[in-house]
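Working notes, beginning with the structure itself.
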């Protein structure tokens, strides 16, 4: 990737897949802007998830629009960036999709993700919502601009794989 590249990476996957960790490492290696997608949730969404209630498509739309706006600002200004977003459904990804947008889907076994969620502290998303996210997940199709990365390894290895595949 060239320093002036306009690419925005959307690091996606269910809760606990390592989006924040991998995105942070990628941003550090590339020197690109980083946005934690969870920080763009309206307060009502966070309260709902913290109470153990899954979000509906309607709940997610304002959040997805904020993410799409961040992506558009970066790509139109020619500024590369990385943003995290579960992007569980194709319709969600379609809202985010555009020129210079590449999805990085972190995927792995539910057992590995459950272990990660059980060890995580200080996050509003309870482990009990994992099953609803897995049920909602529509894996990206071969016609989508996506890099699929199997998790469960050292995150540095996952980042190296992503960087190799981007090049």
Angle between the chain longest axis and helix 19-30 axis [Cα atoms, degrees, rounded to 10]:
20 degrees
Rounded to the nearest 10 degrees, the helix 155-166 long axis (Cα) sits at an angle to the longest Cα principal axis of the chain of 40 degrees
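Rounded to the nearest 0.05, what FRET efficiency do residue 65 and residue 157 give with R0 = 41 Å and r taken as the Cβ-Cβ distance? Could you check? Walk me through the numbers before you get to the answer.
On the way: r = 34 Å, r/R0 = 0.83.
Approximately 0.75, to the nearest 0.05.
Per 0.36 nm of contour for each residue apart, how much would the distance between residue 148 and residue 56 grow if the chain were fully extended, relative to their Cα-Cα spacing? Each step should come with its number before you reach the end.
Working: separation 92, 0.36 × 92 = 33.12 nm, distance 2.53 nm.
Net length gain for the segment: 30.6 nm.
May I ask you to work out the translational diffusion coefficient for segment 1-59 at 25 °C, viscosity 0.890 mPa s, via Stokes-Einstein with Rh from the Kirkwood sum over Cα pairs, reported in whole µm²/s? Numbers along the way, then the final one.
Details: Rh = 13.5 Å.
Answer, rounded: 182 µm²/s.
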The Rg/Rh figure for the chain, Cα atoms and Kirkwood Rh, to two decimals is 0.94
Using alpha-carbon coordinates, inclination of helix 57-77 to the longest axis of the chain, degrees:
20 degrees
According to a simple spin-label model (label point 7 Å from Cα along Cα-to-Cβ), what is the distance in nm between residue 114 and residue 29?
3.1 nm
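Read-outs throughout are calculated quantities, based only on the coordinates presented, and are distinct from any laboratory measurement. From a predicted model like this one, the values you see are computed outputs, not experimental measurements. Cβ coordinates were reconstructed from backbone atoms using ideal geometry, including for glycine residues, and neighbour counts include every protein chain displayed.
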